[in-house]
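A.B. asks: Next up is a structure, given as structure tokens.
The values are calculated or read from the model by the stated rules, or taken from the named source; none is laboratory data. As the structure is a prediction and not an experimental result, all values here were calculated from the model. Quick reminder, even Gly has a Cβ in these numbers, built from the backbone with ideal geometry, and neighbours come from all protein chains shown.
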Amino acid sequence: MPRPEKVQAVEEIRDRFGSARATYLAEYRGLSVTQQQKLRRELRAAGGEFKVVKMSLARRAADELGFDFGDDLTGPTGLAFADTDAVSIAKVLRDFAKENEALVIKSGVLGVEVLTPESVTKLADIEPREVLLAKIAGAAKAPLANLAGMLGSFTRDAASMFSQLLEKKETDPAAEEAPAPQEAAAPEEVTAPEPAAEAAEEEATETEPEAPVAEAAEEE
């Protein structure tokens, strides 16, 4: 039966796994005490913590959470917990490992996904959370900035156009007094004669030759 101290220690490790945004496993064999202190300070400044625990207890806690780290929880291995930003802690570990070959990143866990050493390195290449949030905020403001610039350009162009028109009127008064061109008069419409008038004219033309014949009959 496990001793109460070990049960409590396993619970503490399990709680740290669960509360951290990410946890990284790193072998520190060969690091001096001074180097270990420097690593702890850098991780603490980035919002993390480096803990050295018994691997048997760490394996039990990982098993209870369903994390399969394989053989990574063996030997002198420390746990780097990321309490605020998983990317920042991954960057600290990567950069420290480049300067100190004795530190070896084994694996990690982000959420419920177990990470390989390559995945931890790729995670470290991501820009920090603050930079990403700033870019997102900048992208959201971009359309408003473009609209403001467009409106400002329109206002400047309109003011310039009005200014040029005023200058032209001041230097050329005739341009303001010149009469507006008159519209061409519409051509008069030719009204076709009505059918009744045409018929009267035809009747008058037809009856005129008959007058001399009547006069000749009276003379006889």
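A.B. asks: In this structure, is Arg21 touching a Phe, Trp or Tyr at 6+ places or on another chain (Cβ under 9 Å), at pLDDT below 95 and of a type in the set (Lys, Arg)?
C.D. replies: Values: touching a Phe, Trp or Tyr at 6+ places or on another chain (Cβ under 9 Å): yes; at pLDDT below 95: yes; of a type in the set (Lys, Arg): yes.
Yes.
A.B. asks: Additional query: Is at least one residue of the range 89-100 surrounded by fewer than 16 Cβ atoms within 10 Å (Cβ to Cβ), among the small types (Gly, Ala, Ser) and either modelled with pLDDT under 95 or assigned by TED's automatic domain parsing to the domain that holds Gly18 (or both)?
C.D. replies: Step one: of the range 89-100, the residues surrounded by fewer than 16 Cβ atoms within 10 Å (Cβ to Cβ) are 95, 98-99.
Next cut, among the small types (Gly, Ala, Ser) only: none.
No, the range 89-100 has no match at all.
A.B. asks: Are there any pairs with C-beta distances below 6 angstrom linking a residue in the range 58-83 that is over 20 Å from Lys6 (Cβ atoms) to a residue that is among the β-branched types (Val, Ile, Thr) and part of a helix (DSSP H, G or I), with the two at least 6 apart or on different chains, and if so which?
C.D. replies: Taking only residues 6 or more apart or on different chains, the pairs are Ala80/Ile89; Ala82/Ile89.
A.B. asks: For Phe81, are the conditions met, namely being touching an Asp or Glu at 6+ places or on another chain (Cβ under 7 Å), within 26 Å of Asp125 (Cα to Cα) and either not charged (D, E, K, R) or not assigned by TED's automatic domain parsing to the domain that holds Thr116 (or both)? Explain how you work it out, then say what you get.
C.D. replies: Details: touching an Asp or Glu at 6+ places or on another chain (Cβ under 7 Å): yes; within 26 Å of Asp125 (Cα to Cα): yes; either not charged (D, E, K, R) or not assigned by TED's automatic domain parsing to the domain that holds Thr116 (or both): yes.
It is true that Phe81 is touching an Asp or Glu at 6+ places or on another chain (Cβ under 7 Å), within 26 Å of Asp125 (Cα to Cα) and either not charged (D, E, K, R) or not assigned by TED's automatic domain parsing to the domain that holds Thr116 (or both).
A.B. asks: Give, as residue ranges, the strands (runs of 3 or more DSSP E) completely inside the range 1-90 that count at least 1 residues that are charged (D, E, K, R).
C.D. replies: On the way: elements: 22-27, 48-52, 77-82.
By residue number, 22-27, 48-52.
A.B. asks: OK, next. Report, ordered by the first and then the second residue, all pairs with beta carbons closer than 8 Å, sequence separation of six or more or different chains, a first member in the range 34-57 that is free of Cβ contacts under 8 Å to residues at least 24 places away in the same chain, and a second member that is among the polar types (S, T, N, Q).
C.D. replies: Between residues of the range 34-57 that are free of Cβ contacts under 8 Å to residues at least 24 places away in the same chain and residues that are among the polar types (S, T, N, Q), the close pairs are Met55/Thr74; Met55/Thr77.
A.B. asks: Being crowded, with 17+ Cβ neighbours inside 10 Å, over 21 Å from Thr116 (Cβ atoms) and among the basic types (Lys, Arg) narrows it down to one residue among Arg44, Arg60; which is it? If you could, list the steps in order and put the result at the bottom.
C.D. replies: Numbers: Arg44 fails: crowded, with 17+ Cβ neighbours inside 10 Å.
Unique residue meeting the criteria: Arg60.
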